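All remarks here apply to the structure that follows.
The values are calculated or read from the model by the stated rules, or taken from the named source; none is laboratory data. Here the structure is a predicted model, which is why all the values come from computation and not from measurement. Here the Cβ positions follow ideal geometry from the backbone for every residue, glycine too, while neighbour counts run over all protein chains shown. Heads up: the accessible areas ignore ligands, DNA and RNA and are worked out on the full protein's heavy atoms, side chains in. Shrake-Rupley method; radii C 1.70, N 1.55, O 1.52, S 1.80 Å.
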Amino acid sequence: MRSEADVEATIEQYADTVYRICICYLKNHSDCEDLFQTVFMKYMLYDGRFYSEEHKRAWLIRVTANACKDQLKTSFWKKREPLEVLADNSEYLTEQQEEVMEAVLGLPEKYRMVIYLFYYEGYSAVEIAEVLHKKENTVYSLLARGRKLLRTKLGGGTDE
C-alpha cells in the first residue's frame, strides 16, 4: 500500500487527467466522481513499481479507461438513457473551446479517446498506441477519421 503523501501528491498531479478521461467516456459528473475515487483507490492499493512519471501517468490512464469501460458494460448503464451532461469546466473555457470540447465529447468512443489524449493530454500517436494497446497505424487512422468528424461537426472545410 502506498503512503498517504504519495497518494495525495499523485491525486494533485493527475486529478484533471483522470477526471477528463472519465468525462470522455461517461459524460456524467456524478459517475465520474465515483470512478475517480475507484481509480485512485486502485493506485493506493497497487504494489507495483513505476519506472518513471510517464509510466505512472500511462498506468493511471489505462486503469481509468478500463474502469470506465467496465462501468459502461454494466446492465445499469445499458438500460438507462444517457444524460447529455457535458464538462462543467466552462468557467475557464472560452465559448469556442467549450464548443470544441462538446464536439469531442460527441464523437464515437473509439475516436474520442485518441483525440482527447492527442490534443488535450499531448500524447504522441506512438504513446497512445501503447497506452490503449492498439497498433500505431490504427491510432493514426482513428486520429484522421476523428479529425474529419470534428471538422464536419464544427462546420469547417475539408482538406481534400
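Across the range 106-131, what is the number of residues that are surrounded by 19 or more Cβ atoms within 10 Å (Cβ to Cβ) and in contact (Cβ under 8 Å) with a residue 24 or more places away in the chain?
11
Within the range 53-65, which residues are farther than 17 Å from Tyr120 by Cβ and either β-branched (Val, Ile, Thr) or in contact with a helix residue (DSSP H, G or I) (Cβ under 9 Å, 6 or more places away or on another chain) (or both)?
Passing the criteria: Glu53, Lys56, Trp59, Val63.
For the range 20-39, give me the residue count where each residue is among the aromatic types (Phe, Trp, Tyr) and either in contact with an Asp or Glu (Cβ under 8 Å, 6 or more places away or on another chain) or modelled with pLDDT of 95 or more (or both).
So the count comes out to 1.
Every residue in the range 122-136 that is under 13 Å from Glu54 (Cα atoms) and not in a helix (DSSP H, G or I), please.
Correct list: Gly122, Tyr123, Ser124.
Just need a number here: residues in the range 134-154 that are free of Cβ contacts under 8 Å to residues at least 24 places away in the same chain and either farther than 17 Å from Gln97 by Cα or of a type in the set (Asp, Glu) (or both).
Total meeting the criteria: 9.
In the range 130-149, which residue that is at pLDDT below 90 and closer than 23 Å to Asp16 by Cβ is farthest from the chain's Cα centre (by Cα)?
Glu130
Which one is farthest from Tyr111 (Cα to Cα) among residues in the range 45-56 that are open to solvent by 40 Å² or more (accessible area, probe 1.4 Å) and part of a helix (DSSP H, G or I)?
Checking each candidate, the answer is Leu45.
Can you tell me which residues in the range 13-44 are more than 19 Å from Val104 (Cα to Cα), open to solvent by 10 Å² or more (accessible area, probe 1.4 Å) and β-branched (Val, Ile, Thr)?
Thr38
Restricting to the range 61-88, name every residue that is at pLDDT below 75 and part of a helix (DSSP H, G or I).
Result: Ser75, Phe76, Trp77, Lys78, Lys79.
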